1. Restricting segment 9-23 to residues that are in a strand (DSSP E or B) and touching a residue at least 40 places away in the same chain (Cβ under 8 Å), which is nearest to Val66 (Cα to Cα)?
2. Give me the residue from segment 16-61 that is at positive phi and at pLDDT 95 or above and, out of that set, nearest to the chain's Cα centre (by Cα).
3. With respect to Ser74, determine if the residue is among the small types (Gly, Ala, Ser), out of contact with any Cys (no Cβ under 7 Å at 6 or more places or on another chain), assigned to a strand (DSSP E or B) and open to solvent by less than 70 Å² (accessible area, probe 1.4 Å).
4. Which of the numbered conditions does Leu42 fail, given that it passes all the others? Conditions: (1) farther than 17 Å from Ser7 by Cα; (2) touching a strand residue (DSSP E or B) at 6+ places or on another chain (Cβ under 9 Å); (3) open to solvent by less than 80 Å² (accessible area, probe 1.4 Å).
5. Looking only at residues that are among the charged types (D, E, K, R), touching a strand residue (DSSP E or B) at 6+ places or on another chain (Cβ under 9 Å) and under 15 Å from Val59 (Cβ atoms) in segment 2-39, which one is surrounded by the most Cβ atoms within 10 Å (Cβ to Cβ)?
6. The conditions are (1) within 11 Å of Met1 (Cβ to Cβ); (2) open to solvent by 70 Å² or more (accessible area, probe 1.4 Å), and Glu56 fails exactly one of them. Which is it?
Amino acid sequence: MTLEVISSSEILFKGDAESVTLPGVMGSFTVLKNHASLISVLKAGSIVYKRPGGEEISVDIKGGLVDVDNNVVSVCVY
């Protein structure tokens with residue numbers, strides 16, 4: 001699936017990911033390939049995504065929004 005993580009000033013990441021774990025306001029959740037469509041508010045915490053090949057990367061955020069649709073995970077953070 002494709003992951004896009006953007007802020008108001010820059011693109012933090014755009015590329016392929018095997019999984020993405022996000023800090024939702026109702027609790028942390030993980031998105032995998034072919035996940036159902038959703039929109040969620042994010043709280044302060046870390047976005048952790050796994051790249052093809054197994055590399056795991058963490059990005060700290062203060063909050064934001066995520067939209068998941070057709071294997072594209074779009075995250076807008078602040």
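The values are calculated or read from the model by the stated rules, or taken from the named source; none is laboratory data. The model shown is predicted, which means the values in this text are computed figures rather than measured ones. No Cβ is skipped: glycine too gets one built from the backbone with ideal geometry, and neighbour counts run over all protein chains shown. Heavy atoms of the whole protein, side chains included, go into the accessibility calculation; ligands, DNA and RNA do not. Shrake-Rupley method; radii C 1.70, N 1.55, O 1.52, S 1.80 Å.
1. First pass over segment 9-23, keeping only residues in a strand (DSSP E or B): 11-16, 19-23.
Now restrict to residues that are touching a residue at least 40 places away in the same chain (Cβ under 8 Å): 12-13, 20, 22.
On the way: Leu12: 14, Phe13: 14, Val20: 11, Leu22: 9 Å.
Looking at the filtered set, the residue picked out is Leu22.
2. Step one: of segment 16-61, the residues at positive phi are 27, 34, 45, 53-54.
Those still in the list that are at pLDDT 95 or above too: 27, 34, 45.
Values: Gly27: 14, Asn34: 14, Gly45: 12 Å.
Filtering first and then ranking leaves Gly45.
3. On the way: among the small types (Gly, Ala, Ser): yes; out of contact with any Cys (no Cβ under 7 Å at 6 or more places or on another chain): yes; assigned to a strand (DSSP E or B): yes; open to solvent by less than 70 Å² (accessible area, probe 1.4 Å): yes.
Yes.
4. Status for Leu42: all satisfied but (1).
5. Of the residues in segment 2-39, the ones among the charged types (D, E, K, R) are 4, 10, 14, 16, 18, 33.
Still in the running and touching a strand residue (DSSP E or B) at 6+ places or on another chain (Cβ under 9 Å): 4, 14, 16, 18, 33.
Now drop any that are not under 15 Å from Val59 (Cβ atoms), which leaves 4, 14.
Details: Glu4: 16, Lys14: 11.
Checked segment 2-39; the qualifying residue surrounded by the most Cβ atoms within 10 Å (Cβ to Cβ) is Glu4.
6. (1)
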